[in-house]
1. For each pair in K85/K149; K23/K81; K81/K302, compute the distance between the two Cα atoms and list the pairs where it is over 18 Å.
2. Quick one: check the C-alpha center-to-center distance for region 220-265 versus region 126-196, whole angstrom.
3. Report ³J(HN,Hα) in whole Hz for each residue of region 363-376, in order, from the Karplus equation J = 6.51 cos²θ - 1.76 cosθ + 1.60 where θ = phi - 60°; Gly and Pro get x.
4. Ranked highest first by average number of other Cβ atoms within 10 Å, how do 194-201, 55-62 line up?
5. Along the Cα→Cβ direction, 7 angstrom out, place labels at Q155 and R120. What is the inter-label distance in nm?
6. If R₀ is 30 angstrom, what is the calculated FRET efficiency for the pair E163 and T285, using the beta carbon separation as r and rounding to 0.05?
7. I'd like the distance separating the alpha-carbon centroids of region 272-301 and region 312-329, in whole Å.
8. With a ≥ b ≥ c the root eigenvalues of the C-alpha gyration tensor of the chain, is it rounded (a/c under 1.5), prolate (a/b larger than b/c) or oblate?
Amino acid sequence: MRSSLPSIDPSDCSWWLDEALRKEGNAPAAAPLEGECTADVAIVGGGFAGLWTALALTSRRPDLSIVLIEASICGSGASGKNGGKVHGYWSSLGTAVQALGRDGALAIARAGDWAQDGIRTFASECGRDIWWREGGNLVVATTSQQEEKIAGVVQQARELGAEDHVTALSAEEVQARCASPVFRRGLFYPDAATVHPARLARALRQAVIDRGVALFENTPMLSVDPGHPCRIKTPRGLIVAREVVLATNAALSERRDVRPHVSIFSSYVVMTEPAPEQLASMNWTGEEGLADLRMFLHYFRKTPDGRVLMGSGSGPVGYGDDAQARHLTHDRASIGRAEAGLRRLLPELREVPLARAWGGAIDVSADRLPFFKTISDTRIHYACGFSGHGVNATYIAGQCLASLVLNEKDRWSTLPFCTRALPRLPPEPFRFTGASAIRSAILVCEEADEQNLRASALARAIAKLPKILGLRIGIR
Ligand SMILES: Cc1cc2nc3c(=O)[nH]c(=O)nc-3n(C[C@H](O)[C@H](O)[C@H](O)COP(=O)(O)OP(=O)(O)OC[C@H]3O[C@@H](n4cnc5c(N)ncnc54)[C@H](O)[C@@H]3O)c2cc1C
């Protein structure tokens with residue numbers, strides 16, 4: 001694996017969250033829970049999934065009493081540190097058809113559109129500038145192997161009647177949107193946006209407070225007893241609630257009933273200092289987000305002040321349920337890959353210094369689609385498996401979890417996210433060992449491909465294993 005040393009060390013706090021908190025005047029966190037409280041619904045986790053659930057419940061049933069607890073502050077998890085690229089499932093039809101068949105794939109793609117509508121409405125109503133920009137998503141090939149994927153995507157969209165949701169672009173059309181010597185042909189997905197993720201999380205936090213949700217920050221859940229009612233223990237308190245929603249992201253892998261269906265990976269990003277002249281000189285004047293066609297993809301977008309965020313989905317794998325492992329947030333090699341991607345894909349930014357770098361855990365499900373479920377014989381509901389693609393999907397999670405809490409059979413709770421049988425992953429230590437070996441092999445193959453070289457026969461053979469074994473993750 002090529003490893004280039006990064007020019008910056010990983011930080012504990014994302015540039016986004018830092019900016020959003022400064023904009024709020026570094027207002028104090030909500031007080032932690034002290035003592036006992038009773039509620040109709042208790043939500044655990046103050047990221048997008050928990051906050052959208054709270055908002056959906058307050059909209060549908062304003063009479064419910066709702067408590068939300070967050071181990072740190074709202075937006076401190078993946079929701080405040082992601083790339084802020086917001087899109088549903090039109091660009092994942094391949095994965096979706098494999099997992100759900102034609103109708104299921106189209107159903108979740110339409111749900112992604114409902115989510116874009118919902119987030120757009122919130123962005124326009126929330127009274128804050130959360131940098132919501134609907135410029136579509138441009139996916140570019142940077143090697144001939146990547147270019148080969150384009151025809152299949154277009155063909156599949158045509159077969160599904162989804163041709164309005166993706167357009168193949170010539171190399172010239174790609175260059176007109178964003179010029180780079182390594183960009184070849186591409187695909188344009190119009191139904192996509194970018195957002196300032198931490199400002200979105202913080203705006204959601206304010207919205208749920210305004211709707212009367214009792215918010216307790218710096219309040220980790222220590223345990224949940226699934227009785228009737230449920231009981232949640234926190235360091236200095238107890239919540240007694242009829243319904244519980246667990247929206248704790250990768251930490252859900254601690255649960256024995258969730259663990260077989262989710263593995264932990266990590267993703268890393270670098271954020272540049274502002275470089276508006278360079279962006280203009282490469283024609284990147286539109287609002288589109290971008291990505292390449294690697295499996296461990298580079299994803300990138302601009303900010304209104306002319307910064308570029310470059311992400312690499314190539315971070316290390318987690319072991320078992322250890323979502324707090326330091327290598328998931330402080331891996332210098334992964335920061336190095338994100339930075340190398342920035343300098344290679346956008347050489348106009350070769351000299352632009354980095355302002356910040358950070359990483360975070362990703363909850364990857366066995367079929368790379370999220371799942372929103374109720375644990376058997378309990379009133380505990382949860383959302384997991386966003387697989388690095390959760391900004392849009394957490395809105396869907398919020399609506400689905402609200403329907404599960406309210407026992408409503410509606411257009412949300414009947415989606416395959418709630419109803420499909422979940423495939424299982426191998427147990428540890430096979431999962432970690434296998435995933436790590438396959439990840440390394442794929443990285444070797446993808447980096448060799450970028451340098452127009454052929455990876456070793458061993459790396460190529462290992463990289464092919466997931467396909468041979470019929471797995472749906474790790475497929476190039
Ligand atoms: C670097 C990176 C880049 C990404 N880029 C994109 C992107 O561009 N587009 C996209 O769609 N997706 C992206 N994602 C994925 C996306 O950010 C997530 O899928 C999404 O934010 C998940 O939201 P969540 O609410 O489930 O999790 P989180 O935001 O992690 O929220 C979970 C919350 O639960 C809290 N918690 C955990 N345990 C407990 C406990 N015991 N008690 C109380 N609270 C607890 C945590 O503190 C956390 O705040 C990215 C992820 C990362 C890490």
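1. In this structure, K85/K149 exceed 18 Å between Cα atoms.
2. 38 Å
3. Result, rounded to whole Hz: 9, 9, 7, 5, 10, 6, 10, x, 9, 10, 9, 10, 5, 3.
4. 194-201, 55-62
5. It is 3.2 nm.
6. Step by step, r from the Cβ atoms, then E = 0.65.
7. 26 Å
8. prolate
Read the figures in this text as sums done on the coordinates, not as results from a lab. Keep in mind that what you see is a predicted model, and the values were worked out from it rather than measured. Cβ: placed from backbone, ideal geometry, glycine included. Neighbour counts: every protein chain shown.
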